[in-house]
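Here's the structure, in structure tokens; my notes come after.
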Amino acid sequence: MEQRPTILSGIQPSGRLTIGHYTGALRNWVALQSTHECFFMVADLHAITVPQDPEELRQRTLETAALFLACGVDPNQSTLFVQSHIPEHLQLTWVLACLTGMGECSRMTQFKEKSAQHRHNVNVGLFAYPILMAADILLYQADLVPVGADQKQHLELTRNLAERFNNRYGQVFRIPEPYIPPIGAKIMSLQEPTKKMSKSDPNENAVLFLTDSADAIRRKIRRAITDSGREIRYDEKQRPGISNLMVLYHVATGKSIPEIEQEFAGAGYADLKAALAEALIEFLRPIREEYERLQNAKDYLLSVLAQGAEKARSRAQQTLQLVYDRVGFLPPAVPEAVGLTTSRES
Ligand code: TYM
């Protein structure tokens, strides 16, 4: 059978997932899973770069995996796993860290933003975060990485590190391409439409969660900040608020932007908001129902993740072994081959 191109992507379990996670990542994961060999992970190692409550982190890791499934990731087609179950991610991180300049990490926009947000906890993990992300991707020899626009810079670093390693030690890594969707790569805050929608936004009304109730969806869309003007016309620069709502309407209904402009020609913002709220409620209903059903299927979720870890690990081990060999690490001898007995009984 012809080998399908490989995909790797991940989402942090650091809060409830938003409609931005769906449009930037999950929607494309689902669309690509039948034509690609896919590895999708819950990025729990990345999550601890900011403080996490241990019990909550465990809980959210499972919830995030449940949402992957509820959004349509099919465990019979794709490999789902938890990042910390595969120690090779950290082993490769160290090797790549030794090829990364301090300046490369300090230039990362996300590092600059997060270190400003968490001024009293600018830890080395936050700094090295993109190196771990590069390791995630390169371990699986991914060809394609479906992410939102905010991850583009991390993908560029990943490509640079892969090329640097290959130049120094000989061809090992495939050079991955980002897959950034043409529409929905950056869903904006409902309250400040020039800012990315972020699950950690303290203003609840700014963020639409995938598991929001119908009432919450209606309230948030009704209160969404729009621009001055009346016309429903897509223009990200001049009308970021209404354009963001139009993208959400596109996601919920599948209608194209010109179709949406036509549908609302002559109508007002309130009309679009009312139609959008109802469309989102219908669109998110099956996701929420499936998510709720999976809340009572913990053993099933754990078994999906255990199977996923087994598959992911065998791929990760192959790459790491090659890397260790090229770097020049002495492999541990097989005990029998050097005259040692494996028996611990004496
Ligand atoms: P994270 O957990 O912040 O977000 C997960 C994915 O969702 C996308 N996303 C958005 N897309 C559009 N609009 C938004 N408002 C929005 N918010 C989030 C993100 O771009 C991302 O694709 N470092 C990554 C997780 C990660 C990863 C990886 C991704 C770890 N290792 C390897 C790909 C490959 C992160 O923090 O994403």
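Every number here is computed from the coordinates shown, using simple stated rules; none is lab data. Please read all numbers here as calculations on a predicted model, not as lab measurements. With ideal geometry, Cβ positions are generated from the backbone for all residues, glycine too; neighbour counts draw on all protein chains shown.
Once you list every other residue whose beta carbon is under 12 Å from the beta carbon of Glu263, what net charge do they have if Lys and Arg are +1 and Asp and Glu are -1?
Net local charge, Glu263 excluded: -2.
Pick out, in residue order, every one of the trypsin sites (Lys or Arg not before Pro) in the stretch 209-284 that is DSSP loop and has at most 10 other C-beta atoms within 10 Å; say none if there are none.
Sparse-neighbourhood loop trypsin sites (Lys or Arg not before Pro): Lys237.
Viscosity 1.567 mPa s, temperature 4 °C: Stokes-Einstein D of the chain from its Kirkwood Cα radius, in µm² per second?
This corresponds to a translational diffusion coefficient of 59 µm²/s.
Starting with the highest mean, order 191-198, 158-165, 245-252, 334-341 by the number of other Cβ atoms within 10 Å, averaged over the residues of each peptide.
Descending mean neighbour count gives 245-252, 158-165, 191-198, 334-341.
Past 29 Å, Cα to Cα: identify those pairs from Lys152/Lys273; Lys199/Lys255; Lys186/Lys220; Lys186/Lys273; Lys186/Lys255; Lys112/Lys273, in the order given.
Result: Lys152/Lys273; Lys112/Lys273 exceed 29 Å.
Could you derive backbone 3J(HN,Hα) for the stretch 73-90 from the dihedral phi with the Karplus parameters 6.51, -1.76 and 1.60 (θ = phi - 60°), listing whole Hz in sequence and x where the residue is Gly or Pro?
5, 9, x, 7, 9, 10, 9, 10, 8, 9, 3, 6, 6, 10, x, 4, 4, 6
When only DSSP loop residues count, what chymotrypsin sites (Phe, Trp or Tyr not before Pro) in the stretch 250-346 have their Cβ near at most 16 other Cβ atoms within 10 Å?
Passing both the DSSP loop test and the Cβ count: Phe329.
Between rounded, prolate and oblate, where does the stretch 94-157 land on the alpha carbon gyration tensor, with a ≥ b ≥ c its root eigenvalues, rounded for a/c under 1.5, else prolate if a/b exceeds b/c?
oblate
Share of antiparallel DSSP beta bridges in the chain, in percent to the nearest 5?
Here the antiparallel bridges make up roughly 10 percent for the chain.
Using amide H atoms built in the peptide plane, which far-off residues or other-chain residues are under 5 Å from Met188 H to H?
Hits under the 5 Å cutoff: Met197.
Would you calculate, for the chain, the mean residue ellipticity at 222 nm contributed by helices, counting each DSSP H stretch of 4 or more residues as -39,500 (n - 2.57) and dividing by all residues, to the nearest 500?
Value at 222 nm, helices only: -16000 deg cm²/dmol.
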